[in-house]
Amino acid sequence: MAVAPALGIEQLREKARLIRKHIIVMTTLAGSGHPTTALSMVEVVVALYFGGILRYDPSNPYWEDRDRFILSKGHGCPALYAVLAEAGYFPVEQLKTLRQLGSPLEGHPNMRALPGIEASTGSLGQGLSIGLGHALAARLDGRDYHVFTMVGDGECDEGQVWEAAMAAKHFKVDNLTCIVDHNKYQQTGCVFDVMDYRPFADKWRAFGWHVQEIDGHDLEQVLSALRLAKSKPIKGTPTVIIAHTIKGKGVSFLEHRSDMHGRAIKIDEAKRALEELGWSWEGELD
Amino acid sequence: MELGRRIGLKLGLSTREAFGRALAELGEEVPNIVVIDGDVNNSTRTEHFAKRFPERFFNFGIAESNMVGVAGGMAACGKIPVVASFACFLMCNAFDQLRMSVAYPRMNVKLVGSHAGISIGQDGPSQMGVEDVALACALGGFVVIVPADEVETREAVRAAIYHNGPVYIRVGRPEVPIVYTDGCNFTIGKANKLRDGRDVTLIANGIMVAAALEAAHLLEQDGISARVLDMHTVKPIDAYAIEEAARDTGAIVVAEEHFAYGGLGSVVAMAAAERYPVPIGFVNLGDTYSRSGDPDDLLRYYGLTADNIAETAKRTIGRKR
């Protein structure tokens, strides 16, 4: 199996709307989780899995030549779970078991519990190193897969991210792309108030990376940035895509909220959220 | 090194050198091995592997966190990464990466910490791994091995490579006496009985195995018969050998070049308490950091000697009911 058939832009928008519904429903039913963190990354994961970017086969999740997507910001996993379910890795119904004892959909991704999850994450800062390991293994084995790792912007406070950035350039790894979900908020506030690491893009440039900055909710920009990154635009150079996003995107009363990190919404709020997204909530939140 | 000299043990290679040579040999046999070092390859002796297999060797610079994460990723792709650095830097600096990128996802990564214990000597406490065994034991699913000499190290490295799962091996800087002059039967999790005895069992690993053998000799001169167990694997511990020792000899002394809390002593005591409680004495580094100095001077200063093991054995025997 090669690349899953790519959907057109309109179908991708519709898919994004569906993923947002899943995120609201599953986190509300779970009563905990990080819905706003998941909502900001929706277009990127939809483009990766349904836009013809990733090469994958849900019936053969450990296929050695698959492209990898590693979610380093593990708390965003409801978005990834929803995408994997829609892609056919497991039944969509299972999304409602999020965070329950015995469910493979744990609070943070567990690669040993759920096929399709490439790395167990949740302790921030580690995914880019793991991705670099996959990328170097591809080189050793003469395989041509590409590794995408998504990190959070708050996660970039972690020194390990920059250790990995340094090493990826040093080892001239160009089958590795880092996507920063730059939604501007971390647990206790705006990322620049918590730890002002600006100039951000210049930091990546200084570490030798090829930098693209995009609107992370504009599917055309997302697709073209991912395609460019996968084409290895500069030989021996890893690419970072800084995706400017909105925390809580798609639900008016969750957007740009600094106080909603790591909090699920209540049933009545979820009903309003689903209505805003154009979904009926009848039978969804039981 | 003075340990074992009184009973005629001859100095052999350092365990780090034995590790480096064994790894280079295994590189031929196991093509999936990749070696990752934190810019101390001439100290950990992964340089031997690097020379023979440069394309499978990666120096990640002085960045332990990243190199452990990379190892986790490589293992997910079927490689057998061997990650080496000083025991203290590897285990202390990269502990969360060992937890999240190796232990929790049960990655087939081998960690080798060199320059463990106070026997590195002059470089002092900042370079001494004295908490590494406790940290490694705390990681879920880890196998933890502390070999005694060059012969056992060679076998331990081979066993670790062929074991499917994370393994920590502790090796040291100085040349150490050869305990296994006639070869070594090495099985992960199975203690080696080096000498039998009736009155007390001396359980040791690493360089303290030579000291324990010497202590048994000293005790014999005082009419005390001591069994000596090389407890090379701290986890999973050989609880059967401990129970048997407790039943047969009624007293145990545990000797290790490590802090008191969480090392071999703690693990042995837990097994004995559950299976067959007997008085246990401990010879270790207590709870305080060491100093710089000549390795033999340090070992004497901190009581990691055959004499102290023998004295501790007598006191422990005196506590038998």
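The values are calculated or read from the model by the stated rules, or taken from the named source; none is laboratory data. Nothing here was measured: the structure is a model prediction, and the numbers come from that model. Methodologically, a virtual Cβ is constructed for each residue, glycine included, from the backbone with ideal geometry; neighbour enumeration extends over all protein chains shown. Keep in mind that these areas ignore ligands, DNA and RNA; they rest on the heavy atoms of the full protein, side chains included. Shrake-Rupley method; radii C 1.70, N 1.55, O 1.52, S 1.80 Å.
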Among (1) within 10 Å of chain A (Cβ to nearest Cβ); (2) surrounded by fewer than 24 Cβ atoms within 10 Å (Cβ to Cβ); (3) among the β-branched types (Val, Ile, Thr), there is one condition B:Ile36 misses while meeting the rest; what is its number?
(2)
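I want to confirm something. Restricting to the range A:153-179 and keeping residues that are in contact with a Lys or Arg (Cβ under 9 Å, 6 or more places away or on another chain) and of a type in the set (S, T, N, Q), which single residue is nearest to the other protein chains (Cβ to nearest Cβ)? Before you say what the answer is, go through the steps one by one.
Pass one, the range A:153-179, residues in contact with a Lys or Arg (Cβ under 9 Å, 6 or more places away or on another chain): A:153-156, A:162, A:165, A:171-175, A:177.
This time we only want the ones that are of a type in the set (S, T, N, Q), so: A:175, A:177.
Numbers: A:Asn175: 12, A:Thr177: 14 Å.
Among residues in the range A:153-179 that are in contact with a Lys or Arg (Cβ under 9 Å, 6 or more places away or on another chain) and of a type in the set (S, T, N, Q), the one nearest to the other protein chains (Cβ to nearest Cβ) is A:Asn175.
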With respect to B:Asp123, is the statement that it is within 14 Å of chain A (Cβ to nearest Cβ), surrounded by fewer than 22 Cβ atoms within 10 Å (Cβ to Cβ) and in contact (Cβ under 8 Å) with a residue 24 or more places away in the chain true?
no
Kindly establish whether A:Ser129 is at the interface with another protein chain (Cβ under 9 Å from one of its Cβ atoms), hydroxyl-bearing (Ser, Thr, Tyr) and closer than 23 Å to A:Ile234 by Cβ.
yes
Name the pairs whose Cβ atoms lie under 9 Å apart, with the first residue in the range B:47-62 and modelled with pLDDT of 95 or more, the second among the basic types (Lys, Arg), and 6 or more positions between them or separate chains?
B:His48/B:Arg21; B:Phe49/B:Arg56; B:Ala50/B:Arg56; B:Arg56/B:Lys79; B:Phe57/B:Lys51
Subset of the range A:233-286, residues closer than 24 Å to A:Lys184 by Cα, among the hydrophobic types (A, V, I, L, M, F, W, C) and part of a loop (DSSP other than H, G, I, E, B), comes to A:Ile246, A:Val251, A:Phe253, A:Leu254, A:Met260, A:Ala264, A:Ile265, A:Leu277
Tell me whether the range A:223-233 contains one or more residues that are over 24 Å from A:Lys15 (Cα atoms) and touching a helix residue (DSSP H, G or I) at 6+ places or on another chain (Cβ under 7 Å).
no
Give the number of residues within the range B:195-227 that are in contact with a strand residue (DSSP E or B) (Cβ under 6 Å, 6 or more places away or on another chain) and surrounded by fewer than 19 Cβ atoms within 10 Å (Cβ to Cβ).
2
Where residues in the range B:110-140 are hydroxyl-bearing (Ser, Thr, Tyr) and in a helix (DSSP H, G or I), which of them is farthest from B:Val68 (Cα to Cα)?
B:Ser119
Cβ pairs under 6 Å, 6+ apart, first in the range B:66-93 and at the interface with chain A (Cβ under 7 Å from one of its Cβ atoms) and closer than 28 Å to B:Glu257 by Cβ, second buried (at least 24 other Cβ atoms within 10 Å of the Cβ) and not β-branched (Val, Ile, Thr)
B:Ala71/B:Pro81
Taking the range A:126-151 as the search range and keeping residues that are open to solvent by less than 10 Å² (accessible area, probe 1.4 Å) and of a type in the set (Gly, Ala, Ser), which one is farthest from B:Phe95 (Cα to Cα)?
A:Ala138
Please indicate, with yes or no, whether at least one residue in the range A:109-125 is open to solvent by less than 50 Å² (accessible area, probe 1.4 Å), under 14 Å from the mean Cα position of the chain (by Cα), at pLDDT 95 or above and hydroxyl-bearing (Ser, Thr, Tyr).
yes
Do we find that B:Gly27 is open to solvent by less than 20 Å² (accessible area, probe 1.4 Å), outside the structural domain of B:Glu150 (by TED's automatic domain parsing) and farther than 16 Å from B:His115 by Cβ in this structure?
no
